[in-house]
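The values are calculated or read from the model by the stated rules, or taken from the named source; none is laboratory data. For clarity, every value in this text was computed on a predicted model and none was experimentally measured. So basically every Cβ, Gly included, is an ideal-geometry build from the backbone, and we count neighbours across all protein chains shown.
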Amino acid sequence: MLNSGHFSDKKILLIDKEIKVKNDRTWCYWEEGEGFFESIVYRKWGQVSFLSNEFSSSFNISPYQYKMVRGIDFYNYCFKEIGKHGNVEIVYAVIDDWKFDKEVLILHLDKEEYRLTDRNTYIFNSIYKPNESDKSSIRLLQHFKGWIIETKEPVFDPEKATLMDFRVHQDHGTTFAYTLPFSSTSALVEYTLFTKETLATHLYDLELKNYLSSFHNIDEYDIKEKEYGVIPMTNEKFVFAGDAWNIGTAGGQTKASSGYTFQFIQKQSDLILDFLINKRSLNDVPLTPRRFLFYDKTLLYLLYHNKISGSKVFSDLFRKNKVQQVLKFLDNESSLVEELKIISSLPTWPFLKAALKQL
Ligand SMILES: Cc1cc2nc3c(=O)[nH]c(=O)nc-3n(C[C@H](O)[C@H](O)[C@H](O)COP(=O)(O)OP(=O)(O)OC[C@H]3O[C@@H](n4cnc5c(N)ncnc54)[C@H](O)[C@@H]3O)c2cc1C
């Protein structure tokens, strides 16, 4: 919004409960060409590998590149931009609650009540609250722990990122690791699960240690940074137009079957911006096409009920399709014809039965 120059006469209030000074997450995504956040891309790779006991291969993903943005670089970049615009005010406070009383927005901030009466105010909400009343929703968690490590000897190929390595044991459910190398002696290594519950804290560390030892043959390294995260994977119905305009994860931009969110947020933001600039109602902003929600729900159902292993599904996807087609499909950018081809590469019976359940 700030870059567009269309909102310099508007007052913008940004409320957040915390100052963004920590490198609290690392975002990875794939993209063709240069994106909006190109200047802060920390690393990018043209080759990725997929590994499992059923199928392992490396791929050149051109015209895509797999990119990494560090949380701290993103925050610094955004707040530097914000600092150049005098029309943005930042308030650090916890939003306890908000509701509309007719046209008035009543906001509870740090236990104090505030009333916003300007009818022309747009409110965008990024606070995700699971819809607990929807008992039929499936809720899986994507939870992960990562270490940035440094080794004495060169052990990593800095040209190649691992997308998914399913060779780790699957005792807890769908589990994979991945390695994103910064150099031959430094990498971010993550251990990730799609399960109903998170693990005890010490187990992530144990599994990371085992992974490094068993699959990278590395036993000596320094842990420079750690990251832990939980991303909701749910078939819950998200609304964009609620009491406020829900954006980000709160607005359903986390892909339920993969947890990828970053690029979906950028696409949703572009649409919102376009509609605001062209003075069109935000009610008409296109939502995620329903067929993609249906595919996501189907896979989520299969994983939740342990009908099929994630390793088998992703192995089939990468073995039987061109990697670019898989990435396009996971981006919700494929055509129906392309999707039919991809779907036909997956185990027919479990998917058909799960799909019928969703219908
Ligand atoms: C560790 C981690 C790694 C991830 N990695 C990837 C990845 O590689 N690729 C990808 O595509 N996605 C990834 N994701 C998923 C997703 O991209 C991120 O969660 C992303 O930050 C979601 O953006 P958002 O704006 O919806 O929410 P957030 O970035 O979480 O922003 C919500 C904001 O609301 C504030 N807030 C929350 N509650 C309150 C309150 N009550 N009062 C005031 N302020 C409040 C928070 O402080 C925060 O600043 C990752 C998520 C995590 C947690």
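The set of residues from region 129-158 being surrounded by fewer than 16 Cβ atoms within 10 Å (Cβ to Cβ) and within 11 Å of the ligand (Cβ to nearest atom) comprises just one member, K129.
Scanning region 115-125 for residues that are out of contact with any Phe, Trp or Tyr (no Cβ under 6 Å at 6 or more places or on another chain), surrounded by 15 or more Cβ atoms within 10 Å (Cβ to Cβ) and not in a loop (DSSP other than H, G, I, E, B) gives L116, N125.
Being more than 16 Å from the ligand (Cβ to nearest atom), surrounded by fewer than 16 Cβ atoms within 10 Å (Cβ to Cβ), touching a residue at least 40 places away in the same chain (Cβ under 8 Å) and over 20 Å from L163 (Cβ atoms), is that true of even one residue in region 10-30? The answer is yes, given that some residue of region 10-30 is more than 16 Å from the ligand (Cβ to nearest atom), surrounded by fewer than 16 Cβ atoms within 10 Å (Cβ to Cβ), touching a residue at least 40 places away in the same chain (Cβ under 8 Å) and over 20 Å from L163 (Cβ atoms).
Residues that are surrounded by fewer than 20 Cβ atoms within 10 Å (Cβ to Cβ), among the aliphatic types (A, V, I, L, M), free of Cβ contacts under 8 Å to residues at least 12 places away in the same chain and out of contact with any Asp or Glu (no Cβ under 8 Å at 6 or more places or on another chain) do occur in region 316-339, at least one of them.
Checking each residue in region 2-44 for being among the hydrophobic types (A, V, I, L, M, F, W, C) and within 18 Å of the chain's Cα centre (by Cα) picks out W27, C28, W30, F36, F37, I40, V41. Taking the condition of being under 24 Å from the mean Cα position of the chain (by Cα), part of a strand (DSSP E or B) and more than 13 Å from the ligand (Cβ to nearest atom), how many residues in region 210-245 meet it? Residues flagged as under 24 Å from the mean Cα position of the chain (by Cα), part of a strand (DSSP E or B) and more than 13 Å from the ligand (Cβ to nearest atom) within region 210-245 amount to 3. Contact annotation: residue pairs with Cβ atoms under 6 Å, 6 or more positions apart or on different chains, pairing a residue in region 65-78 that is in contact (Cβ under 8 Å) with a residue 60 or more places away in the chain and part of a strand (DSSP E or B) with a partner that is charged (D, E, K, R) and surrounded by 18 or more Cβ atoms within 10 Å (Cβ to Cβ), are M68/R43. Only residues that are part of a helix (DSSP H, G or I) and touching a strand residue (DSSP E or B) at 6+ places or on another chain (Cβ under 7 Å): list them for region 284-310, please. Of everything in region 284-310, those that are part of a helix (DSSP H, G or I) and touching a strand residue (DSSP E or B) at 6+ places or on another chain (Cβ under 7 Å) turn out to be L300, L303, Y304, G310. Considering only region 34-55, I want to know if a residue exists there that is under 23 Å from N332 (Cα atoms), surrounded by 13 or more Cβ atoms within 10 Å (Cβ to Cβ), within 16 Å of the ligand (Cβ to nearest atom) and among the hydroxyl-bearing types (S, T, Y). Taking every residue of region 34-55 in turn, none turns out to be under 23 Å from N332 (Cα atoms), surrounded by 13 or more Cβ atoms within 10 Å (Cβ to Cβ), within 16 Å of the ligand (Cβ to nearest atom) and among the hydroxyl-bearing types (S, T, Y). Selection of region 246-267 for residues being among the hydrophobic types (A, V, I, L, M, F, W, C), crowded, with 19+ Cβ neighbours inside 10 Å and under 14 Å from I127 (Cβ atoms) yields only A250.
Condition check for F275 on (1) away from the ligand (no atom under 13 Å from the Cβ); (2) in contact with a Phe, Trp or Tyr (Cβ under 9 Å, 6 or more places away or on another chain): one failure, at (2). Residue check: V239 meets all listed conditions (1) at pLDDT below 95; (2) of a type in the set (V, I, T); (3) surrounded by 15 or more Cβ atoms within 10 Å (Cβ to Cβ) but one, namely (3). Close contacts from region 115-137, counting a first residue that is among the charged types (D, E, K, R) and a second that is in a loop (DSSP other than H, G, I, E, B) and surrounded by 10 or more Cβ atoms within 10 Å (Cβ to Cβ), with Cβ to Cβ under 6 Å and a gap of 6+ residues or different chains, come to R119/E103; D134/E236. Of the residues in region 246-263, how many are near the ligand (Cβ under 7 Å from one of its atoms) and assigned to a loop (DSSP other than H, G, I, E, B)? Final tally of qualifying residues: 6.
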